[in-house]
Amino acid sequence: GQQLNQSPQSMFIQEGEDVSMNCTSSSIFNTWLWYKQDPGEGPVLLIALYKAGELTSNGRLTAQFGITRKDSFLNISASIPSDVGIYFCAGMKYNNNDMRFGAGTRLTVKP
Amino acid sequence: DTEVTQTPKHLVMGMTNKKSLKCEQHMGHRAMYWYKQKAKKPPELMFVYSYEKLSINESVPSRFSPECPNSSLLNLHLHALQPEDSALYLCASSQVGVFGSTDTQYFGPGTRLTVL
């Protein structure tokens, strides 16, 4: 079953604002991934994190792999309307093909 | 190129029909996955193939039958489905690394399945 707790569940923000969302787990993951999904489409990879403490940026997106390997956060700076969608965190364990998803954060950006 | 393709994009089938979903990738990935996603929920893992062998089956009903004919193709055969099986079916692929650990998963666009 699902092992990741993702928050917040939804966010309504104004264009230009910064956004922060996070995932926590009771167990250790060796890889953290952040995906964005638009309605009726497959998840698109935003950022992949492979080392505890790692901080990675992709344009206006920044994500960190927690030191304890049980959490990760994603920040979006200066949000724009096309940031609208559902953001999922996902964790993968070493020596295992299994990947678990958080419940998702639904982001709405008001122009 | 990080593309995973899926066909068909939409499928409507009756409960007595037999149909198949197809997935293809040409990234040289040796792990391929099927996920089921209901509306407003995260994807749920169904099956994992590693080096063309089934490595994970998440207690999926036998009316779903996966097949991996070669390293680039993954099929999901459907038979006698129920209306509650209506969902977005996603395929994904990834590298298989040292000691069997896997790399980042890349998803296809999905097949929207409706069972009448």
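The values are calculated or read from the model by the stated rules, or taken from the named source; none is laboratory data. Since the structure is predicted, the reported quantities are computational estimates derived from the model, not experimental observations. Using ideal geometry, Cβ is built from the backbone for each residue, glycine included, and neighbour counts are taken over all protein chains shown. We work out accessible area using only protein heavy atoms, side chains counted, and drop any ligands, DNA or RNA first. Shrake-Rupley method; radii C 1.70, N 1.55, O 1.52, S 1.80 Å.
Per-structure values
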| read-out | value |
| --- | --- |
| Percent RCO, i.e. relative contact order, over the range B:17-116, from Cα pairs under 8 Å lying at least 6 residues apart | 32 |
| Accessible-area ranking of B:T5, B:T111, largest first, probe 1.4 Å | B:T5, B:T111 |
| Residue of B:S20, B:S62, B:S94 that the Gaussian network model of chain B assigns the largest fluctuation, springs spanning Cα pairs under 10 Å | B:S62 |
| For A:V44, net neighbour charge (Lys/Arg +1, Asp/Glu -1) across residues whose Cβ lies under 10 Å away | -1 |
| Residues in the range B:68-95 occluded by at least 20 Å² - accessible area, probe radius 1.4 Å, against chain by itself | B:L88 |
| Relative contact order [Cα under 8 Å, 6+ residues apart], chain A, whole percent | 37 |
| Protein accessible area in chain A, 1.4 Å probe - carbon and sulfur % | 51 |
| Surrounding net charge for B:P8, when Lys and Arg each add one and Asp and Glu each subtract one, Cβ distance under 11 Å | +4 |
| Exposed-loop-free span, longest in chain A, where chymotrypsin sites (Phe, Trp or Tyr not before Pro) count as exposed if DSSP calls them loop and at most 15 other C-beta atoms lie within 10 Å | A:1-49 |
| Carbon plus sulfur fraction of accessible area for chain B, probe 1.4 Å, in percent | 52 |
| Within 10 Å of each Cβ in A:100-111, the average number of Cβ atoms from other chains | 2 |
| Accessible solvent surface per residue of the range A:53-94, calculated while the other protein chains remain in place, 1.4 angstrom probe, Å² | 43 |
| Accessible area buried, both sides summed, chains A and B with 1.4 Å probe, Å² | 1900 |
| Eligible aspartates and glutamates near B:K18 by straight Cα distance, threshold 14 Å, same-chain separation 8 or greater | B:D85 |
| Average other protein chain Cβ within 10 Å of Cβ, residues A:85-92 | 2 |
| Rounded accessible area of B:R30 (nearest 10 Å², 1.4 Å probe) | 80 |
| Peptide A:37-48, shielding by other chains (average Cβ, 10 Å cutoff) | 5 |
| Residue-count net charge about A:N75 - beta-carbon cut-off 15 Å; Lys, Arg +1, Asp, Glu -1 | -3 |
| Chain A: mean projected area of Cα convex hull, nm² | 6.6 |
| Only Lys, Arg (+1) and Asp, Glu (-1) charged, at Cβ; chain B dipole about Cα centre in debye | 380 |
